[in-house]
Each structure stands twice: as structure tokens, then as C-alpha cells.
Amino acid sequence: MFPPVTFRLEIVAECASTNEELLERRGPEFHGAVLLALRQSAGRGRRGRSWWSSDGNLTLSAGFRLAASAAVAPLLPFTAGLALHETLGSYLPSGADLRLKWPNDVYLGGRKLGGMLSQARQQGDGLDLVLGIGVNLKTAPPPESARVPAVSLAEFAPAPTPERITRELLRVWERLLVGLRDFPSLKERWEAAALLPGSEFRVVGEEGTYRALGILPTGELEARDEAGGQRVFASEEVSLALSET
Ligand code: BTN
């Protein structure tokens, strides 16, 4: 079962990577520790990429201590995604196209607003998992630093400070973590925020399109190919591209 979380926020002026910094920590304080850096100089992205950020953007990481066999590990990003969707959405005009993209991204108006990076380390008889969140609140990366078209919240609404949005995010996230006990209803909300069931996507590096069916209890994505065959994607296995059609 997932240990209840009460987040403890620590704010630092600068660090290389909040994920790396938190992964270095040990001990009982790890579960629920949150590190917010007002400036991050060597942020890490998924698949070994770097994460561009600048002052006024959100760069934070949260630590979770889990049982070694924790099936809950791949489910945590769904709670963080929903918390981001709710919190960021409260700043945006109604009708703004804010949506989650499986497995770990947040898009606004078809461009990438933020992403998450989950890293884990075996620790004694358990697993220390760090979930890092980066959001372009004030400034989007310049095109040469962005793999996909990027956007900032400030292009749509006055952007809150990282401190303010973090406090709001953590309140929402704590509540959603309690909801992990009922993953089927949590995942239904996530699917709605991602407009997922029925949507078409391509897999980068592969021909053809897939139609999403939904998220499985394991956190994997279930889809059908054009011939009607079933395919299951694990979160770090593929990069999905929303289909143009
Ligand atoms: C992605 O590639 O989309 C994931 C980006 C995750 C970036 C965040 S910023 C805070 C935390 N610290 C890091 O070094 N990376 C994550």
C-alpha cells in the first residue's frame, strides 16, 4: 500500500538538477521531501536529454520511499499530471487547450508546456523514487533548445511565481495521492484530461497510426494498430506523436 504523504517544501536559489540533488539524499526524511529550485543550471530531461529552464519557470522534485516491489511507482506520474492539469488550468482562460500527453507531458495549445522525469534508486529493502516536474511558467525554451514546439503559460495568462504555484500544486497533489488507492477512477480522470480514448497517435520511428484505448492498471497504454491488433506500450519504451489526422 502507498505510504501517506505530507509534503515538506524546501526552496533553494539555485541547483544543478533538483532530481539529482534529491536522489543523493537518504533517510526517513526522504518520503515527502520537495525541492524547488528558483534556478536550475543543469536540468535533466527524459531519455538522457537536458531540460532547458530560466528564472520564473517551475523546476521541482519530490521524493517517495516505496516498497521494492512497488507496483505503484509507474502510477505516481498520473497523480502528478492530474495535479498539474488542475493547478495550471486554474490560471488559464476557460477553453484553453490544456491537456496531458501520455506518459509524462503537459501540452497547451498543441505545444509542450511541461514534462516530468521519474528516477529511482534501490535503497536498502525499498525504492527511493524522485519525480521531477518542469513547467515553462514564464518563458518557453528557444526553438534551438526545444525538441518539440514549446509554449509558456505566460503566453496565455499572467504567470504565477514558482513558489506560489508549487504551494498550490502540492495541496492538490497530496489529495490526489490519497486517490491512488482507487486507480481506476484516477486513471479515468487522467484519460479525460488527456482526451485519450479514441485519439490517434504515431510512434516515433515507426510507420502507421495507432488508436488509443486507455491506460491499463499497470500504467501502460493500450492501443490498437490499423489492422486491429492490440499493442501495449510501457512508459519509457516509446515517444508518441499525436497524429495530424
Ligand atoms: C521531459 O523531458 O519532458 C522531462 C523534464 C523534467 C524536468 C524537471 S525540472 C525539475 C527536475 N529536475 C531535473 O533535472 N529534471 C526535472
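Taking label positions 7 Å along the Cα-Cβ direction at both Asp182 and Ser90, the computed distance is 2.1 nm, reported to one decimal. Build a GNM of the chain with springs between Cα atoms under 10 Å: which of Gln40, Gln230, Gln119 gets the top mean-square fluctuation? So, out of Gln40, Gln230, Gln119, the one fluctuating most is Gln230. Atom-type composition of the exposed protein surface of the range 45-177 places 52 percent of the accessible area on carbon and sulfur (1.4 angstrom probe).
How large is the accessible surface per residue of the range 137-180, computed with a 1.4 Å probe and reported in Å² as a whole number?
52 Å²
Of Val72, Val203, Val130, which is the most mobile in a GNM of the chain whose springs link Cα atoms less than 10 angstrom apart? Of the options given, Val203 has the highest mean-square fluctuation. Here the simple spin-label model places points 7 Å from the Cα toward Cβ, and for Arg8 and Asp97 these points are separated by 4.4 nm. Taking 30 Å as R0, compute the FRET efficiency from the Cβ-Cβ separation of Ala67 and Glu206 and round it to 0.05. After rounding, the FRET efficiency stands at 0.30.
With both labels modelled 7 Å from their Cα along Cα-to-Cβ, the Leu195 to Ser235 distance reads 2.3 nm.
The values are calculated or read from the model by the stated rules, or taken from the named source; none is laboratory data. Fair warning: this is a prediction, and the values are worked out from it, not measured in the lab. When we count neighbours, we look across all protein chains shown, and the Cβ atoms used for this are built from the backbone with ideal geometry, even at glycine. SASA here: full protein model, heavy atoms, side chains in, ligands and nucleic acids out. Shrake-Rupley method; radii C 1.70, N 1.55, O 1.52, S 1.80 Å.
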